[in-house]
Amino acid sequence: MAQEIVEVTESYPALDAFYDSLPDKNGALIPMLHKAQEEYGYLPQEVQLYVALKLGIPASKVYGVATFYSLFNLERKGQYRINVCLGTACYVRGSEAILEALENELKIKRTETTGDGLFTLSSIRCVGACGLAPVVMVGDKVYGRVTPDDVRGIVDEYLGKAGEHND
Amino acid sequence: MSSGTGQVRIALRNCGVIDPESIKDYIATDGYDALAKALFDMSPDEVVETVKKSGLRGRGGAGFPTGIKWETARRSESDIKYVLCNADEGDPGAFMDRSVLEGDPHCVLEAMAICGYAIGASQGIIYVRAEYPLAVKRLQIAIEQATDMGLLGDNILGSGFSFNVRLYFGAGAFVCGEETSLMNSVQGGRGEPRLKPPFPAVKGLWDKPTNINNVETYANVAQIIRNGWEWFRQFGTEKSPGTKVFALAGKVNNVGLVEVPMGTPLRVIIEDIGGGIRNNKKFKAAQTGGPSGGCIPAEHLDTPIEYESLISLGSMMGSGGMIVLDEDDCMVGISKFYLTFTAEESCGKCTPCRIGNVRLLEILDRITEGKGEEKDMDDLENLGNTIKDTALCGLGQSSPNPIISTLRYFSDEYKEHIYHKRCPAGSCSKLIGYKILPDKCTGCTVCARNCPVSCISGERKKVHVIDQERCIKCGVCFSKCRFKAIVRG
């Protein structure tokens, strides 16, 4: 498959300012990628290339790091990120069944995004809320002691919000 | 947090007691006393000696003597040295470091400064998971407050010793909990491990001598300095002094953090502190050490917990996750769960871990799908031992432990899956199915209404039927039926 040639066509003042604010420029790559993702939601190729030029390192190194760490996204994600915890405590209390129920409810598989761009479904590692197991997170909101029955209600809550927003 | 039978709080002494966002609260509970004592009453060598004599061992999992690390870093000659704190708590089911960082952040800063004084370092870095936003916030506040009060920064308390701490955020890679991977990550690279030796205390971050300890280890340091090594040794056992924090979770009645003296039997933690198994089920095993550990069966419940005893049982201390499993948990499924985790988190640098773990996982997949073969158990054991012997870092060297320990204690369960295509715990979905008993079904429609894939049909007050083709075996109908008309088998 032919790859498109990526060029930097825009300026990224937020990244420039962040770079200038770093006390130690050594090891700046991961902080820069965190900042870029915070600004743009994910790491488009052009942004990766910009970071490479800014730090004076090969783009391959930026790509290598961006793909190594699971928190970095190379693709745009849904408006609401539904994360099901698959840590051990959640797993033994049935989080796999919750993930399956969500797959059925949203009609997508894990790691996919719904056609309307509203939801991305993923599993995450332990969020350290093992006392509430099993745990589902939507954005920053934590739902504890979830059962497969609760899934529809949780999804509806956000469908409702998205509806209000569009009105 | 329960403070029931047999608990002793050293690492967690302030958690839930003081306001973690107030340095005055910390100082009021003798905080930063130990730092002052070290700076004005002790030489760096005396500090190292005290930590050595205390017998404190790394609480991150491997149990390496902390004093030896400090001594090596102290003896390494260099203009720059680093003090690192490993707060990349990645074991699924473990949250003790998070609690310390959120509940008592200053105790970590104080210990790092003491370490800096002891080894001759003026820079400290805490590598903390980005998944712990509250811990990050509290650490930031704590660093600011300590710097404002002259307890961190230049010329601390007028002693001439300077020490700064900054935070570095992980980005979701389990292998970064391995110390050399963590250092590569701080340097902005992929978190791949380095060959040891040279050890970090000789050649670590940016190739400079570096002392790296875990959060819970640091949480013990200030009190050892303040109260003396003899005080610390009154807790725990000869070889494993002090206490250990466990994150008790899974099928016990009381979940949460417990801190007990080393040497406490597992039974005390699970039955007395944990309040026994939920829903009157039967205890099957305790999983310790996360993906690097193993499962301890009922016959070993009275073993005192310390580093060596857990290893001899085929498990390990690990960072302190303790997941209690009951009769409904399939031990082959649990192995598969951990192997899925390590196979995904393998950094890919060395072949035994990158490829070997995937092969192990494929065998487990087959077994849980009813396609197991006679030679599978031997293959699992042989390949597992090969990976343990040949992988580059601690992740690969311990990744087969969940399999090897379950093969040792629960071989009957493997055999049931392989020879009889049955999952005795009723957990492997490919090996179970749900059926409605016509003579018990009242046609109440509860199962049909709750089925997430709408594969149950039947008219009101008539017998219902499950479409086996579309059934995802989630078990919702089984748990919802009030007439015991749905059976699993």
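Exactly one residue among B:ALA171, B:ALA142 is outside any strand (DSSP E or B) and at pLDDT 95 or above, and that residue is B:ALA142.
Entry remark, the range B:145-168: residues being more than 14 Å from every other protein chain (Cβ to nearest Cβ) and either modelled with pLDDT under 95 or not in a loop (DSSP other than H, G, I, E, B) (or both) number 7 in total. Would you call B:ALA62 modelled with pLDDT under 95 and either farther than 22 Å from B:THR342 by Cα or among the hydrophobic types (A, V, I, L, M, F, W, C) (or both)? Against the criterion (modelled with pLDDT under 95 and either farther than 22 Å from B:THR342 by Cα or among the hydrophobic types (A, V, I, L, M, F, W, C) (or both)), B:ALA62 qualifies. Out of the range B:112-134, which residues are modelled with pLDDT under 95 and surrounded by 24 or more Cβ atoms within 10 Å (Cβ to Cβ)? Residue satisfying the conditions is B:ARG129 alone.
Being touching a Leu at 6+ places or on another chain (Cβ under 7 Å), closer than 26 Å to B:SER99 by Cα, in contact (Cβ under 8 Å) with a residue 12 or more places away in the chain and of a type outside the set (S, T, N, Q) is the requirement here; does B:VAL258 meet it? Taking the combined requirement at face value, the residue satisfies it. Annotation note: of B:LYS53, B:LYS24, the sole residue that is in contact (Cβ under 8 Å) with a residue 60 or more places away in the chain and part of a helix (DSSP H, G or I) is B:LYS53.
If you go through the range B:67-111 and keep only what is assigned to a helix (DSSP H, G or I), buried (at least 24 other Cβ atoms within 10 Å of the Cβ) and away from chain A (no Cβ under 14 Å), you end up with B:LYS69, B:TRP70, B:ALA73, B:PRO105, B:HIS106, B:CYS107, B:VAL108, B:LEU109, B:GLU110, B:ALA111. Could you identify the single residue in B:ALA219, B:ALA249, B:ALA298, B:ALA286 that is modelled with pLDDT under 95 and of a type in the set (Gly, Ala, Ser)? None of the other options fit; the residue is B:ALA249.
In the condition set (1) within 12 Å of chain B (Cβ to nearest Cβ); (2) touching a strand residue (DSSP E or B) at 6+ places or on another chain (Cβ under 9 Å); (3) surrounded by fewer than 19 Cβ atoms within 10 Å (Cβ to Cβ); (4) over 30 Å from B:ALA286 (Cβ atoms), A:GLY131 is compliant with all but (4). Looking only at residues of the range A:118-139 that are part of a loop (DSSP other than H, G, I, E, B) and modelled with pLDDT of 90 or more, we find that the one that is farthest from B:CYS474 (Cα to Cα) is A:LEU118.
Return the total of residues in the range B:172-206 being away from every other protein chain (no Cβ under 13 Å) and among the small types (Gly, Ala, Ser). Of the residues in that region, 2 qualify. Taken over the range A:1-33, residues that are over 19 Å from B:ARG190 (Cβ atoms), assigned to a helix (DSSP H, G or I) and among the β-branched types (Val, Ile, Thr) amount to 0. Among the residues making up the range A:20-36, those that are at the interface with chain B (Cβ under 9 Å from one of its Cβ atoms) and touching a Phe, Trp or Tyr at 6+ places or on another chain (Cβ under 9 Å) are A:ASN26, A:GLY27, A:ALA28, A:ILE30, A:PRO31, A:MET32, A:LEU33, A:HIS34.
Please determine, by comparing only the residues of the range A:129-148 that are small (Gly, Ala, Ser) and more than 18 Å from the chain's Cα centre (by Cα), which one is nearest to B:GLY103 (Cα to Cα). Checking each candidate, the answer is A:ALA129. Looking only at residues of the range A:98-117 that are of a type in the set (Lys, Arg) and touching a Leu at 6+ places or on another chain (Cβ under 8 Å), we find that the one that is modelled with the lowest pLDDT is A:ARG110. Among helices (runs of 4 or more DSSP H) entirely within the range B:296-382, having at least 1 residues that are outside the structural domain of B:LYS281 (by TED's automatic domain parsing) and acidic (Asp, Glu) singles out B:331-345, B:357-368.
The values are calculated or read from the model by the stated rules, or taken from the named source; none is laboratory data. Here the structure is a predicted model, which means the values were calculated and not measured. Note: ideal-geometry Cβ built from the backbone for every residue, glycine included; neighbour counts use all protein chains shown.
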